[in-house]
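Since the structure comes first, as C-alpha cells, the remarks are kept for the end.
The values are calculated or read from the model by the stated rules, or taken from the named source; none is laboratory data. From a predicted model like this one, the values you see are computed outputs, not experimental measurements. Cβ coordinates were reconstructed from backbone atoms using ideal geometry, including for glycine residues, and neighbour counts include every protein chain displayed. Note: accessible area is taken over every heavy atom of the protein model, side chains too, but ligands, DNA and RNA are not part of it. Shrake-Rupley method; radii C 1.70, N 1.55, O 1.52, S 1.80 Å.
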Amino acid sequence: MSAWRLPETVPDAEQRPAEPAESVAPAAPRTRRGPRRMLVVLATVLLTLVGAGGFAVANKAAGMFFPDKPEGCAKPDRSLQLYAVELPKDGTQIRLGYGLTPQTASYPGPTMEMMEGECLQITLHNQVSAETLAQLRTNPEHPLGVSLHVHGVKYTQTSDGTVQSGSFVPPGQSRTYTWYAKPRDKKTGSPGTAGYWWYHDHVVGGPHGTQGLNAGLFGGLVVRRAGDPKPDRTYTVVFGDRQSINLRRGAAADTCDATNPQPGPSCLVAKKGERVEFIVVGTGNDMHTFHVHGHSWADTRTGTVSNGQPFADEVPTIDNKTLGPGDSFGVQIVAGDSVGPGHWMLHCHMQFHSDGGMSTMLHVLDENGQMPPGGHDHAAMTGAAAGNGNAAGAHQHN
C-alpha cells in the first residue's frame with residue numbers, strides 16, 4: 001500500500017454546529033412584522049460586516065442562513081484533521097502544503113479517498129503565518145487566510161472555501177468543512193460523484209487563490225463506487241504552468257533513489273504487477289497532454305473495463321489524454337504489464353513542454369523490488385544536452 005493514499009480514519013467526537021435556521025423567504029409587506037423582518041435585518045447586517053471586513057463575525061452570522069451539511073448527509077461518517085503549513089522555500093519561491101500532520105505536509109497534499117454515499121468532515125488548521133500570507137497577497141485589503149475548496153463532491157456555502165462566503169481560515173485558527181459524495185440515482189438520473197477530482201486553496205493571494213495554488217496548496221481526491229477496482233498505489237500528478245509536474249521539472253521531478261526508492265510526489269515507483277492509479281490534474285493557464293510510455297488504459301471513468309461490461313468493445317484504449325486547466329481524470333494501469341520492469345517516461349506530449357523539463361519517470365521494479373539499471377539520465381530526458389540546460393534540474397519559480 002502506498003504511503004501516498006489516505007488511511008481510513010474513525011469519526012472523532014468533534015463539536016457539531018447548530019442545525020441551520022429556516023431559509024430566507026421573500027420580503028413580506030410592511031404590515032407583517034416578525035421573523036421575516038428580523039431575517040432581512042440580519043442579512044443587511046451580514047452584508048455590512050463583510051463589506052467592512054468583519055469576516056469572522058459575518059462567518060458566524062452566515063450559519064443562520066446556510067446549512068452546514070449538504071442534503072443527504074445527516075452526520076459525518078468519518079472525520080480527519082488537515083494542516084496548512086509553510087514548507088522550505090524553492091529558491092526564492094514560497095512553498096506551502098497540506099498534510100494530515102504538520103510534519104507530513106507536502107505538495108501535492110495527501111490523497112483523499114471517499115466512497116459514494118459517504119460524508120467526510122475535515123478540520124483545516126492554518127499554521128501559515130500572517131507575515132507569509134501577506135507576502136503572497138496581491139491586494140493589501142485582501143484578508144489573510146487559507147481555505148479548502150473541492151471539486152466534484154457536494155458541499156454547502158459554508159464549506160465553499162472562498163472569501164465571498166467567509167469560509168476560510170485566518171492564521172492560527174481552524175475551520176471544519178463537510179464533503180458529501182452523493183451516490184448515483186438511476187431513478188432521478190443523478191450521475192453521482194464517483195470520479196477523480198482535486199481540492200485546493202481558493203483564498204491565498206486573492207479571491208481565486210492563484211498564489212495558494214502556485215505555492216503548493218492542492219491535492220487529489222478519488223470518489224469510488226462499489227465494485228470499482230482497488231489500486232495498490234495511488235499518485236496525484238499535477239501538470240501546471242512553466243512546464244511543471246507537481247511544481248517541479250527536470251531532475252527535480254524525479255528524485256527516486258536508485259537503491260531505495262521511496263514513493264512520493266517526486267518518486268513514482270511500483271513493483272511489476274502492481275495496479276497503479278494516477279489522479280491527473282491540470283492547473284494554471286496551459287493545455288497539456290498526459291502520456292505514459294509502455295502502458296495504456298481504457299478511456300472510462302476508472303481507466304478500466306469490467307468483465308462483462310456492456311459495449312466493452314466500443315471503449316477506446318488510449319495512452320495519451322488531453323488536460324486543460326481545472327480538469328482532472330483518473331488512470332489505472334498494471335505496472336510493467338507485458339513490458340516488464342523499466343524506467344518508463346511520464347510526460348506532457350506538447351513538445352516544447354517536455355523539452356522544457358515537463359517529464360519524469362514511472363520506475364517499475366522487478367518482482368523482487370529491485371530497481372532496474374539506469375533511468376536517471378535527466379540531461380537526455382529534458383533536452384539539456386541539446387542546449388536547454390537551464391530547464392534541467394530546475395524547480396518551478398514564479
Next item on the list: Take the stretch 167-197 and flag every residue that is open to solvent by 10 Å² or more (accessible area, probe 1.4 Å), among the hydrophobic types (A, V, I, L, M, F, W, C) and in a strand (DSSP E or B).
Entry: TRP197
Check: From HIS295, HIS288, HIS353, which residue is open to solvent by less than 40 Å² (accessible area, probe 1.4 Å) and within 21 Å of the chain's Cα centre (by Cα)?
Finding: HIS288
Next item on the list: Looking at (1) assigned to a loop (DSSP other than H, G, I, E, B); (2) open to solvent by 40 Å² or more (accessible area, probe 1.4 Å), find the lone condition where VAL128 falls short.
Entry: (2)
Note to self: I'd like to check something: does the stretch 138-149 contain any residue that is under 24 Å from PRO229 (Cβ atoms) and not hydrophobic (A, V, I, L, M, F, W, C)?
What the structure shows: no
Margin query: Which of the numbered conditions does VAL203 fail, given that it passes all the others? Conditions: (1) open to solvent by less than 20 Å² (accessible area, probe 1.4 Å); (2) touching an Asp or Glu at 6+ places or on another chain (Cβ under 9 Å).
Written below: (2)
Note to self: Here are the criteria: (1) crowded, with 22+ Cβ neighbours inside 10 Å; (2) under 19 Å from the mean Cα position of the chain (by Cα); (3) in a loop (DSSP other than H, G, I, E, B). Tell me which single one GLY326 does not satisfy.
What the structure shows: (1)
Margin query: Quick test for you: out of ASN307, ASN388, pick the one residue that is modelled with pLDDT under 95, over 26 Å from PRO261 (Cα atoms) and touching an Asp or Glu at 6+ places or on another chain (Cβ under 8 Å).
Written below: ASN388
Next item on the list: Identify, by number, the condition in (1) open to solvent by less than 20 Å² (accessible area, probe 1.4 Å); (2) in contact (Cβ under 8 Å) with a residue 24 or more places away in the chain that MET345 doesn't meet.
Entry: (1)
Next item on the list: Report yes if ARG248 is open to solvent by 10 Å² or more (accessible area, probe 1.4 Å), touching a residue at least 60 places away in the same chain (Cβ under 8 Å) and in contact with a strand residue (DSSP E or B) (Cβ under 8 Å, 6 or more places away or on another chain), otherwise no.
Entry: yes
Checklist line | Cross-chain or 6+ apart pairs with Cβ under 6 Å, the stretch 214-231 first and over 29 Å from GLY91 (Cβ atoms), then at pLDDT below 95 and buried (at least 18 other Cβ atoms within 10 Å of the Cβ) | finding: ASP228/THR302; PRO229/THR304
Next item on the list: For PRO110, indicate whether it is closer than 23 Å to GLY264 by Cα, open to solvent by less than 40 Å² (accessible area, probe 1.4 Å) and outside any strand (DSSP E or B).
Entry: yes
Next item on the list: Collect the residues in the stretch 226-242 that are touching a strand residue (DSSP E or B) at 6+ places or on another chain (Cβ under 7 Å) and buried (at least 16 other Cβ atoms within 10 Å of the Cβ), keeping them in residue-number order.
Entry: PRO231, ASP232, ARG233, THR234, TYR235, THR236, VAL237, VAL238, PHE239
Next item on the list: Return the only residue of ALA62, ALA105 being open to solvent by less than 20 Å² (accessible area, probe 1.4 Å) and modelled with pLDDT under 90.
Entry: ALA62
Check: For THR289, which of the numbered conditions (1) in a strand (DSSP E or B); (2) at positive phi fails to hold?
Finding: (2)
Next item on the list: Could you please find all residues in the stretch 86-98 being in contact with a helix residue (DSSP H, G or I) (Cβ under 9 Å, 6 or more places away or on another chain) and either open to solvent by less than 10 Å² (accessible area, probe 1.4 Å) or free of Cβ contacts under 8 Å to residues at least 24 places away in the same chain (or both)?
Entry: ARG95, LEU96, GLY97
